[in-house]
Every structure is written in structure tokens, then in C-alpha cells.
Amino acid sequence: MVLDTKKPQGAHNAARYKESLRDGREVWLDGEIVKDVTTHPAFSTTIDELARIYELQHTDEYRDQMTFVSESGVRCSISYLLPRSLDDLKKKRRNSEIWNQQAWGQFGRGPDLLPQFVLGMYNNREALSAVKNPHCDFGENIVNYHTYCQENDIFLTHALGDPQVDRSQQPQNETRQIKEEELSLHVVEETNEGIIVSGAKQLSSAAHLSNDTYVSLSATFVRRADPRFIQAFSIPSNTKGLKIICREPVSQYPGTWGHPFATKYDEQDSMLFFDNCLVPWDRVFMLYDASSMVQRLAGGANFQGWSNYIRIHERMKTMTAVATMIAEAIGVSEFREVAAKLGEMIMFTEIWRHAINGLEQSAYMTQGGLMSVGRGTGMNMFFAQFSARMVELLRQIGGSGVVMQPSEKDLANSDLRPFLDKYMRGKDVTVEYKSRLYRLAHDLSASSFAMRQEIYEYWHGGDPNRNRVNLYRGHDQSEITDRIKDMISEPLPYTG
Ligand SMILES: Cc1cc2nc3c(=O)[nH]c(=O)nc-3n(C[C@H](O)[C@H](O)[C@H](O)COP(=O)(O)OP(=O)(O)OC[C@H]3O[C@@H](n4cnc5c(N)ncnc54)[C@H](O)[C@@H]3O)c2cc1C
């Protein structure tokens, strides 16, 4: 399929987004192909929630905060806006806040995230063009792809890692014997239309919910001797031969009030199997050249983390607020220890807010002509660390109530209800209010949804250990190390 930039459809609304997912994609769940993801009970509530937020783009209240009119006169999502000024950056922040406030910071890979990766590549379009290929111009491809995504509000997911088979024989082991088993994604052949690729990716969140899948390599997996394994491209999620294998859902629970976050925000995670998939030349952004993948796909701008940092802030605000409301609902908020734990949660949230503001205040104009926020390299690793602490604090503040709440049917039973009203109410709050509030805490700290979210927060930025090593290796401390060397080269003044 050749990229069609001539018939733009503009910002998604609810109906069009849902329709865009009924495209014959090959989604597998529990050994069966899902015919229509929009109606399958494991997926439909999440899709309905995304559709609801997409629809906000067309409301009087949110239109101007979530969309803009492009040069070709199409109303587009601000997620794809190319920021040229500080004002544009502020608009992008507001749009990210809306997406993430609406979803309480629970959609890790929501539609606002990957557009920022496209912006990063767009920023490096000239450098991409410098890598020559007889079939296409990679820089031109990314410019056209950006226009296509922007004017059709493409929901992108991404897949960067190799399958977790034998890491000792994969690029993670720098001392392995260099031999490539054809597990990882690789080019099988080139044709006039494009490249044919086969292999697998571990993993991709929200793949079954997305319109396109962006495929590339993380800093770990880009270290390859065989150029066939080096590619960056994007294909429609219904590409022939692309199999999307979903994990067990964490969203299927009975009862309207059962699991308020899990029901709506299970974004799913999938293995992707590519069985001789055609990637048209105009969707290829890099091929065979590992050095340019590392240096050029995101270098020079810091868009990739921005939307994620804003999501994390909303997640932290949500967790802190639920912890506070629970402490009040069981009359423990004034206990010194509990108040200190709430203070610790607020401390993390406040530090994070200051960090986001700091990135905005250190914005700069890139060589690619875009206004980028400052560098936030350590932030993902920091959150991977203290996210678990926040979950722990919420569990500790909530006590046994985190797991012991009446069900909806318990509450509706007239024989049981007087006992529930008496023994399971809270301080000045009804049993109904308390149990619904506590279910939020359960979904944030104890349910299988909560555990998936916690695993996500730890790993989603890549292996935190590897990231710390890379941070250390790339961090220039010469200003202070030189001064220390000067200081210790001078004799101390005689004090005797
Ligand atoms: C919920 C979830 C959602 C995700 N969503 C996406 C997504 O949408 N798109 C995407 O591209 N990726 C996604 N990821 C993948 C994520 O980026 C990886 O999980 C992460 O990079 C770690 O890789 P891995 O899971 O293969 O672990 P592995 O690399 O297999 O690591 C396993 C263990 O070995 C250790 N280890 C590995 N290599 C070394 C080494 N060289 N030296 C020492 N120790 C080592 C690790 O620290 C870890 O303890 C997601 C992951 C999760 C858990």
C-alpha cells in the first residue's frame, strides 16, 4: 500500500476510530482469532474509553485544546503538531494533560505517546536523507509519514525488542559469538514495492488498538553485525502476515463497580509475529545502517519522553489522591505515620512536577527547526524506582481494606446489607462509597491490573540498569572532576 497523503480524514472521532479497527487485522487471544476487537468483551470497554476521549476532540470545550488546523486546512490532533515556539510546546503539554487526565494516567501507550517519536525522526529528516538507498529517501519518507499521521490522526504503537528466547546469544550479551538466529526481525528480500520482513518482536502494548505499528530497535538490540537485522519502519496494523498475540486480559471482571481502572484501561501487551510482511519503500525510515539508527532517529530533540512524563504526573496525582481519600474514609489521616506516608507521596509528585516544568523551561530550538523541551534522561529511570514505592505506600495506608470489600451483589442483598452498613462502613461515609473508593486502591495496588501497571512502569523505558549505565557513560562531569583534580594537586595550607 502506497502512503496516501491526498485524502486526509482529520482528527479521529469516536465512530471513525472504532471503524478504523475493523480492518481485518489478525489479533489472537487465548488460541482464537478475534473477529472484531471493538465488540470483543476483553477489549471493547478500553476501545469505548479511547473512543470517548477521541470524541472530545470535536467538542466545544476541548476542540481548541486538543486540535489545530494544519496548513492544508485539516483539523488535526495536537499530538502531531510540530512545535515551532514555546507557545506550541505549551499547547502540546495541555493536550497531553487532557489525554492523561481523562485516563487517570493509566494508558501507558495512549495515542498521544508515539506521535512524539515521529516528531523526533522528523527533526532528523536531513540526517536520515544523508543515508542513501536506491529505492527511497528516508528523510522524505518521514516528512510524508508525519503528514499522513497528522492528517489522519493515526494511533501508533511501537515494537523495539527481540523475542526473549536466549539472551546469552542475543545482542544483550556483548561477548557472545556473533551469529544471528533468524528469530529477530530481519529483511528476507527486497522487491520493487518494498522490503519483505520476517521474525518477531517482544513486545508491543496497545497493538490491537492501534492503526499503525512503528518498528525499530532499542539501544540494546541495535548492536548487530548483520545489517539485515537493522530496520526502522511503520506498517498498518492489518498488514498481511502480521500476527498480534495478546496476553491474558486483566480487564475481565464481573460487576459494574468491580474494577474501575482495569475495566477501562487494560491497554494489553502483544507479541508480534511477522510472517513475510511487505513494508512499502515509502514506509521505511532506515535500513541496514546501525550507526544512523542510534544517532539519528531521536538525537537532537527530546520529544519521546515528554508525553510520558505528563502521564506519569497524572498517575502520581491519582495515586496520592486515592491514598488521601482512603485515609480519611477510615479515620487514619491524622495519625503521624500515615500523614508522613501521604507526605512522601506528595513529595514524589511535587518533585516530578518541578522536573516537568524544568524541562519546559530549558526548551531550545533544534537544528531541525523544532522547539524541543530540555533533556530528561534520568527521569524514566527515577520513576522506574519510585513507582514501586508509591504502590507500596498506597497498600500500607489502605490496610486490609485493599482486599476486603463487599461486592456489588453483596451490597444489593437485603439480608446482608444491614450487616455491611454496620460493619463495613467508614468514618462518616457509607459502605457503598467506601467500597467503591477502595476498589480504586485495589486497582492501583493489588489487582492483576495493578501488577501489570507496576511491571509496565518498571520496564517501559527499557531496562533501567542498562539505561543507568548509558547515562553514566554519556554524562560529562569534567567541570567538577577537573576542579577536584586541581584541588587535590595543591598542598593543604599548614595548620599545625
Ligand atoms: C508491560 C510492558 C509493556 C511494554 N510495552 C512495550 C512496547 O509497547 N513497545 C516496546 O517496544 N517494548 C515494550 N516493552 C518492552 C520493554 O522495553 C522491555 O521489557 C525492556 O526493554 C526489558 O527487556 P526484556 O523484557 O526483554 O527483558 P530482558 O532483556 O530479557 O531481561 C531479563 C533479565 O535479564 C537482565 N539482563 C538482560 N540483559 C542483561 C545484560 N546484558 N547484563 C545484565 N543483565 C541483563 C535484565 O536486567 C532482567 O533482569 C514493554 C514491557 C512491559 C513489561
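Just so it is clear, none of the values below were taken in a lab; they were calculated from the coordinates. Quick caveat, the model's predicted, so the values are computed rather than measured. Here the Cβ is made from the backbone with ideal geometry for all residues, glycine too, and neighbour counts use every protein chain on show.
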The number of Lys pairs in the stretch 14-296 whose alpha carbons lie under 22 Å apart, excluding pairs fewer than 8 residues apart on one chain, is 10
Taking a label point 7 Å from the Cα of E392 along Cα-to-Cβ, the residues of the stretch 422-453 whose backbone nitrogen sits under 17 Å from it are 445-446, 451
Between the modelled labels at K409 and E344 (7 Å from Cα along Cα→Cβ) the distance in nm is 3.9
Most exposed to least, judged by fewest other Cβ atoms within 10 Å, F43, F285 sort to F43, F285
From DSSP H assignment alone, runs of 4+ in the chain each adding -39500 (n - 2.57), the sum over residues rounded to the nearest 500 puts [θ] at 222 nm at -14000 deg cm²/dmol
Rounded to the nearest Å, the spacing of the alpha-carbon centers of the stretch 27-68 and the stretch 128-190 is 27
Taking a label point 7 Å from the Cα of Q9 along Cα-to-Cβ, the residues of the stretch 189-215 whose backbone nitrogen sits under 12 Å from it are 211-212
Ranked on Cβ counts within 10 Å of their own Cβ, fewest leading, W352, W28 go W28, W352
Taking r as the C-beta separation of E126 and A219 and R0 as 22 Å, the FRET efficiency to the nearest 0.05 is 0.50
The extension gain from K240 to N173, computed as 0.36 nm times the residue separation minus the Cα-Cα distance, is 20.8 nm
Rounded to whole angstrom, the alpha-carbon centroid of the stretch 199-259 lies from that of the stretch 463-496 at a distance of 41
Excluding residues fewer than 8 positions from K317 in its own chain, the aspartates and glutamates with Cα under 18 Å of it are E97, E328, E344, E350, E392, D443, E454, E457
Hits in the stretch 442-459: amide N under 16 Å from the 7 Å Cα→Cβ extension of Q385, namely 458-459
